Amino acid sequence: MAIQVGDKVPDVSLRVLSSEGPKEISSAELFGGKKVAFFAVPGAFTPTCSQRHLPSYIDKAAALKAKGVDTIACVSVNDAFVMGAWGKDQNCGDKVMMLADGSGDFARAVGLELDATRNGLGKRSQRYSMLVDNGVVKALHVEAPGKFEVSDAETMLKDL
């Protein structure tokens with residue numbers, strides 16, 4: 001069953017690319033004591049993700065932080081090197097933390113895994129966003145398959 005508003009985010013290990021290489025970060029560490037605008041994409045460098053989803057959060061980063069968001073984080077079922085390269089390609093800087101869920105453990109733990117094997121993409125994450133406050137989901141927006149209508153930064157701003 002998919003995570004719901006009011007649920008605590010499960011503690012799962014993710015990875016972020018640091019100057020020393022991939023570094024593990026637990027979701028408990030990521031969400032604990034912070035307000036996080038968190039969004040998931042099916043894949044780095046894919047068209048909608050690169051042209052619309054990630055750019056919406058980069059463009060609205062200052063507005064989100066002005067409304068009390070401590071961290072903006074993007075996750076995908078890719079490795080830390082791919083997420084780091086994608087963040088660099090998109091000029092994220094320190095606006096958006098690029099997180100790798102390489103084996104899809106987080107996507108499965110929150111019940112939002114996407115089976116894209118028939119398209120040659122394997123197991124991925126559904127496209128969604130959630131506002132998390134101190135580890136508890138305060139808002140959740142899961143996209144219908146093939147859509148990008150409710151998980152953008154504008155919707156997240158309305159949740160704040």
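Structure above, values below:
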item	result
Hits in region 37-63 - residues which are over 16 Å from Asp152 (Cβ atoms) and within 13 Å of the chain's Cα centre (by Cα)	Gly43, Ala44
Scope region 11-35; condition of a type in the set (A, V, I, L, M) and crowded, with 22+ Cβ neighbours inside 10 Å; matching residues	Leu14, Leu30
Cross-chain or 6+ apart pairs with Cβ under 7 Å, region 120-137 first and closer than 13 Å to Thr71 by Cβ and touching a residue at least 12 places away in the same chain (Cβ under 8 Å), then among the small types (Gly, Ala, Ser) and surrounded by fewer than 22 Cβ atoms within 10 Å (Cβ to Cβ)	Met130/Ala139; Leu131/Ala139; Asn134/Gly32; Asn134/Gly33; Gly135/Ala28; Gly135/Gly32
Qualifying positions in region 80-101 - among the acidic types (Asp, Glu) and either under 23 Å from Glu113 (Cβ atoms) or surrounded by 21 or more Cβ atoms within 10 Å (Cβ to Cβ) (or both)	Asp101
From the options Leu64, Leu54, residue that is farther than 16 Å from Leu99 by Cα, in contact with a helix residue (DSSP H, G or I) (Cβ under 9 Å, 6 or more places away or on another chain), assigned to a helix (DSSP H, G or I) and of a type outside the set (Ser, Thr, Tyr)	Leu64
Single condition Phe45 does not satisfy, out of (1) part of a loop (DSSP other than H, G, I, E, B); (2) in contact with a strand residue (DSSP E or B) (Cβ under 7 Å, 6 or more places away or on another chain); (3) modelled with pLDDT under 95	(2)
Residue within region 39-52 that is closer than 24 Å to Leu114 by Cα and touching a His at 6+ places or on another chain (Cβ under 6 Å) present	yes
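The values are calculated or read from the model by the stated rules, or taken from the named source; none is laboratory data. Model, not experiment: these values are computed from the prediction. Methodologically, a virtual Cβ is constructed for each residue, glycine included, from the backbone with ideal geometry; neighbour enumeration extends over all protein chains shown.
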